[in-house]
């Protein structure tokens, strides 16, 4: 093939001249820019983190070039060969384009060109993907979502070799591949493109990015503002049950930025999907910032896009793994490729926060562009500052008025409590209002189950969502919150759930010795109001911190309440004379109970339940005020799961029958460790000697908590008036307590 | 109190003079020696590993001194306060004595003296420990075993301050504490002292070591050769069911060294107890070596004591954790304090093998004596050589004629197979002839359950053996071997089991591309002969190695055979149309089946079972030849376990009903990995395309194994004559195979 000119000659055009050229005419200009490339080239070999990443990527792409280009006829679900091959292709193509720019070696341009022309040759005759499961089938992949992934990366690849190609080659690619591809993802699949959903974000970015590279303003406009007339019926659904069309809702990139992000940068689907959506949001935003600076995309909505990066980082445990709120595969972390890009773009475009360099250093790689280069130089120059995660309250909803997620942290993440009182979270939301999860350092103590899916493992349902995601993982009983009458919140109805959210009552982390948060849910069960208050106490005796959990239920009807603790590890001791049934049966027929076996049950003999368990070589005790009507149930997942799609994890369930108003009061307490090498158990026993509800009515709930040293705490919650200035007075026994505000803690030393 | 002389003046006696003194008159002389102490003192600050350990120990002992001496009235089981306090005391006392010698600070001598006198004051009136569970109740502890631990450490402490004490003080300690203590452990408890058992080893060492320090030859003789007249009845048992007295069996230290160790240094109880017993064996041996060199204790039985240290090190996985054969708590490892002493003594007294310095470096601490000092200097001087574990066959039995344990390893422990065809293993033995376990690096793939006990966790049955150890952990079905007619080997009868052992047929690791071992068991089930052959293949395609497992059963009767695979992790896929029962029931009433729930069952549709599972982010497939009479059962532990003493682990069980002669042929294959951060699955599918038994009779078993590249292996076993020189010929189909020896492998490339 004839080459009109080489890349080298192109780059002899002076940088000064370039900046005065029309933005859309400059290539590369989308993510990499000519000026940026010049600067990076001039400093190669002197910026270790960048150089190391470049070397890894070069090795990887060189291996791909040696193994040859394969663009097989699409056939498989994720995890299968054709799916994984096309996925590798778009990653390799984008990286090869970057290498061409940075290393000026034409073999990379040839590789990108040849691959693009293989796609060009196949695309025009390509039918819909043979797998029919998706509400929006793709062509290269079983769903449009993955086709959009392809175009987001291919756009970047195309941009890097744009000037190196002949005009005729560009014409062929744009006519036969890119424009039909963009039209397929938008006008031909409005149900995919015109939603407020992470799928549409990918679709918008794909169409917008190829539009920017091609200089096609119509595609860019479509990407930013959606299709004007999508022909969709309001109330249409996707195959996950999510809305496709909501009456009056805008579409396109800006709508997707507006709706799901709260002013605090919390993405309503939860951190796992926020991570997934951040890449197209940010990479498209970088392109818009470079080529349509007048849009001010990074300033949009008070800078929410860059703020969201910090929010996402704080939504992780001490190991950097995201809290698995809503549909979320455990193990996904701040070390994912999406977060590398996100951290680099946030640093580069968001005021160069030196704490982000700490994260980048731990990620140990950067994106191969100007943002990554800026980060790598910052790391080299030693200006990083520690990224310390502290307690935080994050609002949910476009205006921050649809509940939220609170995180209480002690010390250097030695104890982390996650409290979800958010909105439904679109189609990936779970029915778990007021649920909690608890971590000691990076280990789960009380878990959120996450999703029921093995992403990209073909043998498990093509790597897609499994039926048990709906029948188990989304249900209320799968979470550490209250289930009433064995029915999920909102009866597990997505329409009803989507109309409501919980509300914050107060959040106060001003005193590191006692951080406290309280939220209320009034709609999950009509006629029942649930309010949960969680306080994390620092132990004055230097032992580990612990959590007091006060779950107050107000209902005019008599109900059965189940409060599970999804503990990790193994049961060591419980003061319940538990019966182990001869046969295990499913605990129910629906709302997730059909997946639970009742392993053992019994009643608490004392007025206090004491449950000791061990996980990861550490001891934990749950101490809970229990009454005569309380059953203690040991439940284990596994019923009606012949394909073993679910983990066999266990819960201790506190069941209170035939009760109207009530309060569940528990202390969740890490208190020791065990070493199998020294065989030594340290602090194997709880320090909670007594726990009692000493007052409970509509106005006040008062708890007494006494430790084994005789040190007593009285915790009083102002139920009726939680305003900060309200003055309260309560007499309990001989003592009278006076305070101002939503809660009061009195501490009484031993001997008083 | 009056001090006759200080330690300092003592040490002015020249070293040359010392060596000519009576051995028993030199103090310290047991583990530390005067000459050694001199040398160590002169080099303090110049041997980093020793100095670092010394600093850690000093900090620890200083904290003990500040917190004060407490010798509470004995009351608790292990894990409880009084038990743990007395245990801390003897460790602290021994360490303080060492610090006194090395640092010449009298506060350490005062601490040892004061503690010893507190024990002296309480001991004479001390009754038996109030807990009555043990067959040999102690005084300070619930069992004599722990009292013996105390004396082993206290002897060392006493030796270090012997010369610093007045004669009158020594007289009081010896009369009121040490001699009655030694008598209590021996003549007053012959059932404890006069056995061949790890308990007695501790008893022997305790009595012998205090005898050496006191210069009491009678005690030393008693320790070495046992009680002449113990008054015990032959056939007496302990509370674990082990023999106390076997007719005609010798007792004492030498008998304990003679009987349980094989010539290869394998200890018949297994590595967990070998680790526990090594400390008294070696520390007493070090004392004998120093004070009774004429006994040549380290040369005894061809140097078995020091050889056993290397053997114990090789009985561990890539993380250094011991294979949990017989009663064994998982997680115990080469990093335990016992192994630090063992490695140091073996290096110092056993030819200074530089590979032991590699282990010591990873242990990151040394014993604070001459052995540890020699090691620390070796590490400092950089003469360590890598300790590489390779395939090994270890004989069991005093003469090495009672079966054994074979370990096949691939590469740098990327795949390790443990094959147990040993003797019963005394009272800690399990009924698992021909059982296997499999590891990838340090992770279990197919597990041995280990013991049912939470050592030193008081809340679990006082930290002692739980009832489920006998009803579950010892039973055959708890292991990866064959159970016939739902009955354990030897019907789980200890007497019968103790009379028999399996036998090696051959072991050949000369070809790293195929290592192979075969053993036979003829007594576990009268009338049934079981022979298991295991071959570890290197994959020519550069993929992971795999194991071929051929389990041949010969029986004149029709039986039901259960072959379980105790896989770790989660089921991904199985080609069985499994039914999940509406109710889970126990699979049987005895022999461990009463603890198993049947989670799912079904029949294999193909002639080959294919079972894919994932553990620790890695993929594994078990491919097994299955017939029409085979049921596939998914079993999970948990039935009849109301106290949750057992882990809820799972097995896939291949059940063959109403069958006489048969052969189970399986491939166990690691083949890929999954990363939850990149969400990428690599090599998620098995490479085994076909597996078939192409010939099977009394003379030969032939297997054909074809991989997905069309590469075929024919493996033929010479069943009737396994001698190395026998010549064989077998025609199968069109092919005729001729070979010499116990097995033959023919490899046929694709296209042939």
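Other protein chain C-beta atoms within 10 Å of residue C-beta, averaged over A:673-686: 6.
Extension gain for residue A:35 to residue A:512 (0.36 nm times residue separation, less C-alpha to C-alpha distance): 166.9 nm.
Applying Stokes-Einstein at 25 °C and 0.890 mPa s to the Kirkwood radius of segment B:392-686, computed over alpha-carbon pairs, gives a translational diffusion coefficient of 125 µm² s⁻¹.
At R0 = 30 Å, how high is the FRET efficiency between residue A:729 and residue A:708 if r is their beta carbon distance? Nearest 0.05 is fine. Using R0 = 30 Å, I get an efficiency of 0.45. Take the Kirkwood radius over Cα pairs of segment A:64-197, plug it into Stokes-Einstein at 10 °C and 1.306 mPa s, and you get 105 µm²/s for translational diffusion.
Spacing of the modelled spin labels on residue A:682 and residue B:699, each 7 Å from Cα toward Cβ, amounts to 6.7 nm. Helix B:198-214 and the longest principal axis of the C-alpha atoms of chain B enclose an angle of approximately 20°. The Rg/Rh ratio for segment A:493-616, using Cα coordinates for both the radius of gyration and the Kirkwood hydrodynamic radius, is 1.01. Rounded to a whole number, what is D in µm²/s for segment B:472-545 from Stokes-Einstein with the Kirkwood radius over alpha-carbon pairs (37 °C, 0.692 mPa s)? Reported coefficient: 228 µm²/s.
Relative to its residue count, segment B:687-752 spans a Cα convex hull of 78 Å³ per residue. Sort out for me the Cα centre separation of segment B:352-398 from segment A:235-268, rounded to whole Å. If you average the Cα positions of each part, the centres end up 63 Å apart. Working from label points 7 Å from Cα in the Cα-to-Cβ sense, the residue A:657 to residue A:485 distance is 1.7 nm. In nanometres and ascending order, the distances from the residue B:708 label point to those of the other copies are 5.5 (point 7 Å from Cα along Cα→Cβ). With a simple spin-label model that places each label point 7 Å from the Cα along the Cα-to-Cβ direction, the separation between residue A:594 and residue B:175 comes to 8.3 nm.
In a fully extended conformation the segment linking residue B:689 and residue B:217 would gain 162.9 nm over its present Cα-Cα distance, using 0.36 nm per residue. Kirkwood's formula applied to the C-alpha pairs of chain A gives a hydrodynamic radius of 27.8 angstrom. Quick one: label points 7 angstrom along Cα→Cβ at residue B:582, distances to the other copies in nm, smallest first? Result, one decimal in nm: 1.8. Centre-to-centre separation between the Cα atoms of segment A:104-161 and those of segment A:418-460: 33 Å. By how many degrees, 0 to 90 and rounded to 10, does the Cα axis of helix A:144-161 deviate from the longest principal axis of chain A? Value to nearest ten degrees: 40.
Could you sort A:504-513, B:258-267, A:387-396 so that the peptide with the highest average Cβ count within 10 Å comes first and the rest follow in order?
Listed from highest to lowest mean packing, they are B:258-267, A:387-396, A:504-513.
Subtracting the Cα-Cα distance of residue B:166 and residue B:294 from their residue separation scaled by 0.36 nm leaves 43.0 nm.
Computed across segment A:154-287, the Kirkwood radius stands at 15.4 Å (inverse of mean 1/r, all Cα pairs).
Axis angle, to the nearest 10 degrees, between helix B:271-291 and the longest C-alpha principal axis of chain B: 30 degrees. Rounded to 0.05, the FRET efficiency of the residue B:529 and residue B:247 pair, given R0 = 25 Å and the Cβ-Cβ distance, is 0.25. A Förster radius of 41 Å, combined with the Cβ-Cβ distance separating residue A:114 from residue A:42, puts the computed FRET efficiency at roughly 0.85. Each other copy holds its own label point for residue B:560; taking that point as 7 Å from Cα along Cα to Cβ, the gaps run 3.6 nm, nearest first. Summarised as an ellipsoid, segment B:260-389 has semi-axes of 21, 19, 12 Å, derived from the eigenvalues of the Cα gyration tensor scaled by 5 and square-rooted, with the largest first.
Reported to the nearest whole Å, the Cα centre-to-centre distance from segment A:301-340 to segment A:474-542 is 22. Please report, to two decimal places, log10 I(q)/I(0) for the protein assembly as shown at q = 0.08 Å⁻¹ as given by the Debye formula with identical point scatterers on the Cα atoms and no solvent. Values returned for q = 0.08 Å⁻¹ are -1.19.
No value in this document is a laboratory result; all are computed from the given coordinates. Note that the coordinates shown come from a computational prediction; the quantities given were computed from them, not determined experimentally. Positions of Cβ are generated from backbone atoms using ideal geometry, with glycine treated the same way; all protein chains shown enter the neighbour counts.
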